[in-house]
1. Give the separation of the Cα centroids, the stretch A:230-287 to the stretch B:90-149, in Å.
2. Roughly how tilted is helix B:195-204, in degrees to the nearest 10 and between 0 and 90, from the longest Cα axis of chain B?
3. Explain nothing, just compute: Karplus ³J(HN,Hα) = 6.51 cos²θ - 1.76 cosθ + 1.60, θ = phi - 60°, for every residue of the stretch B:157-165 in order, whole Hz, x for Gly and Pro.
4. Residue by residue through the stretch B:335-345, which ³J(HN,Hα) values in whole Hz follow from phi under the Karplus form 6.51 cos²θ - 1.76 cosθ + 1.60 (θ = phi - 60°), with glycine and proline marked x?
5. Taking the Cβ of A:ILE41 as the center, what net charge do the other residues with Cβ under 14 Å away carry, scoring Lys and Arg +1 and Asp and Glu -1?
6. Enumerate the lysines that B:LYS155 could reach by cross-link, defined here as Cα to Cα under 18 Å, with residues fewer than 8 away along the same chain left out.
7. Please enumerate, by chain and number, the aspartates and glutamates with C-alpha under 17 Å from the C-alpha of B:LYS364, excluding those fewer than 8 residues away in the same chain.
8. Sort B:387-393, A:99-105 by the packing proxy (mean of other Cβ within 10 Å over each peptide's residues), most packed first.
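A short reminder: the numbers here are calculations on the coordinates, not readings from a lab. Predicted model only: the values in this text are computed from it and were never measured. Every residue, glycine among them, receives a Cβ derived from its backbone with ideal geometry; neighbour counts consider all protein chains shown.
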Amino acid sequence: MTRLRTGLRQWKTALPFILPGLILVILFSVYPIFQNARMSITNFNVLTQKSQGFVGFTNYVRAASDPVVVTATVNTIVYALVCIPIEMLLGLFIAALLHSGVRGNLVYRALCYLPVITSWVIVSLIFRYLFSSGQGGLVNYLLGGLGLISAPVAWLSHRWTAFVAIWSLEIWKSIGWVMVIYLAGLQGVPKALYEAARIDGSGWFNRLRFITVPLLRPVTVYILVNRVIGAFSAFISIYMITDGGPMNRTEVLLSYMYKAGFQYFEFSYASTLSMIMAVLILMFSGTHRLLIKEEK
Amino acid sequence: MRNRVMMIALAVLLCTTAMLGANGTEEGAEKAEKLVFWHTYSDGETALFEQTVLPAFEALGTGIEVEAVRMPYEGLKQQVIAGIAGDAGPDVMRMDLVWVPEFAKLGGLVPVSQREGFDSLKADFFEGSLATNYYNGEFYGIPLNTNTKVAVWNKALLAELGITELPTTMDDVLKLAQGLEGDDRWPLAIGGAGSWGMLPWFWTMGGQVTDEAFTRSTGYLDSEASIQALQTIADLYAQGQVGPCLLGEEPGTWGGMENGNYLMMDDGPWYYSIVGDSALENTVFSTLPAGPGGSVSVVGGENMVMMSTCENQDAAWEFMNFMVSPSTQITMAEVGMIPTRISAATDPEAAKAPYFTTYVEQLKTAKPRTPHPHWGKISDTLGLAFESVIRGELTAQEALPSAAQTIDGFLAK
């Protein structure tokens with residue numbers, strides 16, 4: 001009884017602090033998720049804001065047999081598998097360089113972070129022009145000039161070459177963020193450890209292998225979770241650069257969901273796709289949580 | 001005591017606000033009725049609309065105030081949905097005609113068939129244009145302007161090939177253009193593998209999408225003639241007779257015309273109103289050269305529709321009537337907006353733009369895209385089938401039968 005009372009008293013003290021956040025989360029996250037789940041099992045008309053009857057799991061069955069959903073899921077996963085390792089390796093590399101005390105550290109840091117704050121829409125358009133087909137495309141011009149390609153490549157007309165453009169944009173735009181987080185992590189590694197290792201005669205690689213990497217592990221997990229969520233929410237670049245084309249082959253889950261909702265007005269189907277996405281993201285970030293727990 | 005004072009102060013405040021509010025509405029009722037009108041007119045069209053058409057409407061003294069909002073076409077459909085769902089959309093809109101059945105089905109539009117004067121208006125519209133407003137027994141709008149695409153020829157390349165008289169059949173075009181291929185030059189520029197780009201050529205080459213009543217695709221899209229038509233276009237592309245713009249690659253149609261990459265493309269009257277004088281200097285135009293199916297282009301255009309969120313429906317109907325009136329249509333014809341009223345289209349006053357008569361001539365044989373709420377999906381199905389054949393991944397014989405069956409499914413919904 002006293003425990004209950006203590007508990008209640010603690011809640012009473014804490015509530016005013018968490019209440020504003022809680023209300024916002026309920027209003028803008030919890031409620032939409034439930035509404036979304038409801039929409040996915042009913043026939044929802046967005047203009048009248050009414051559900052026209054219960055349809056059960058028909059939308060889920062349809063999604064399972066929709067070839068575009070399969071392509072989009074594969075594309076989303078490949079997007080994450082290609083971009084995240086490169087972003088993290090390059091981000092860590094640049095962070096380590098800057099941490100070692102290069103001159104003009106601040107300038108380099110700002111320059112590397114600049115892509116992060118640019119507008120997705122504008123840089124997507126720029127990348128579309130960079131990768132345009134024919135002799136006039138800058139990438140074709142440069143690669144041709146270097147003798148790396150014999151004829152201009154129609155980058156955006158084929159699935160994987162189009163993804164080269166989309167991936168490059170994602171990597172270019174995210175390295176800066178990874179770099180900043182790693183840099184903060186590196187500053188938290190006690191210098192004494194390196195000094196001790198040096199006295200014990202350990203080389204550069206061993207210091208990296210046995211001190212830097214293990215101590216940065218929590219930071220790495222944090223970056224990984226964030227980048228996975230980021231990769232799953234990739235949309236603007238695909239919408240602006242290829243719009244899912246050619247022939248739906250560069251569609252990702254989010255772009256296809258947008259098409260289902262806002263081009264075909266099938267909001268119930270779009271909700272279904274977003275539920276599938278939510279499950280996938282939960283699965284990935286759930287694994288990460290387990291990883292962190294193990295660590296503890 | 002303090003509390004009581006506060007309560008009284010609050011009550012006084014509430015009463016005053018309520019009274020002020022009531023006054024506000026009374027004043028509002030005396031004021032002009034306001035309509036929000038969304039359109040996607042180009043620069044030249046907007047200038048004429050705002051400087052001539054709108055003042056003419058205001059001069060009528062109807063007491064209706066129109067707030068015209070120019071919207072970008074890109075992402076417009078999404079904006080309209082968000083607008084209607086959030087009650088922040090327009091009252092009246094100039095809407096792409098292929099969207100009308102779709103929005104009507106969703107309940108986003110007000111039917112106008114029962115409105116005063118509709119029956120007498122009906123007779124003066126071109127039948128094909130009016131039909132694009134029809135859904136489930138009612139008309140959900142009135143046709144504002146129509147358009148189509150005609151053949152646009154590059155003057156410099158014509159001179160280089162020594163062509164003095166424009167060819168009237170596809171066979172002649174290909175014969176006369178011999179020797180043009182290669183060196184970044186192509187005889188034909190087709191704007192894309194989607195339905196808007198491909199349909200004129202598919203129809204001209206003898207293809208069909210559905211029956212005349214738009215109820216069935218099997219037996220039409222998968223017919224021998226359709227298969228032949230699509231395969232011919234794909235073969236022409238493979239032989240380098242059709243330029244890379246067909247698959248969205250560079251040079252694009254307009255840039256390619258300007259730089260002498262293409263001998264001929266097909267495009268709408270906006271090509272002239274957007275590009276301006278240089279387009280008229282560097283090109284000549286004619287109806288599409290005929291193929292086995294004739295010279296068949298695609299009907300485009302916009303309709304005036306009233307949104308379901310519109311509160312002043314009578315005012316909206318009055319404005320819609322003014323917009324489709326012969327005098328307004330003749331004014332807008334100056335910038336290439338082809339009238340949908342027979343009386344306006346046949347008025348010599350309307351034919352001020354030099355290309356006007358060619359477009360009107362082409363319209364006589366032009367076909368509409370399937371007017372159906374599921375047109376978006378039908379169009380995507382067609383586009384996928386066309387593109388897979390043009391890319392050489394499937395033959396027309398393999399691609400069209402399954403596309404026809406898929407489209408049958410959408411037509412039945």
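1. 33 Å
2. It is inclined by approximately 40 degrees.
3. Values, residue by residue: 5, 4, 5, 4, 7, x, 8, 9, 10 Hz.
4. 9, x, 7, 7, x, 9, 8, 4, 5, 7, 5
5. Charge balance in the 14 Å sphere: +1.
6. The reachable lysines, counting only those whose Cα sits under 18 Å from B:LYS155, are B:LYS175.
7. B:ASP124, B:GLU127, B:GLU212, B:ASP266, B:ASP267, B:ASP347
8. Numbers: B:387-393: 19.0, A:99-105: 10.3.
Packing order, densest peptide first, comes out as B:387-393, A:99-105.
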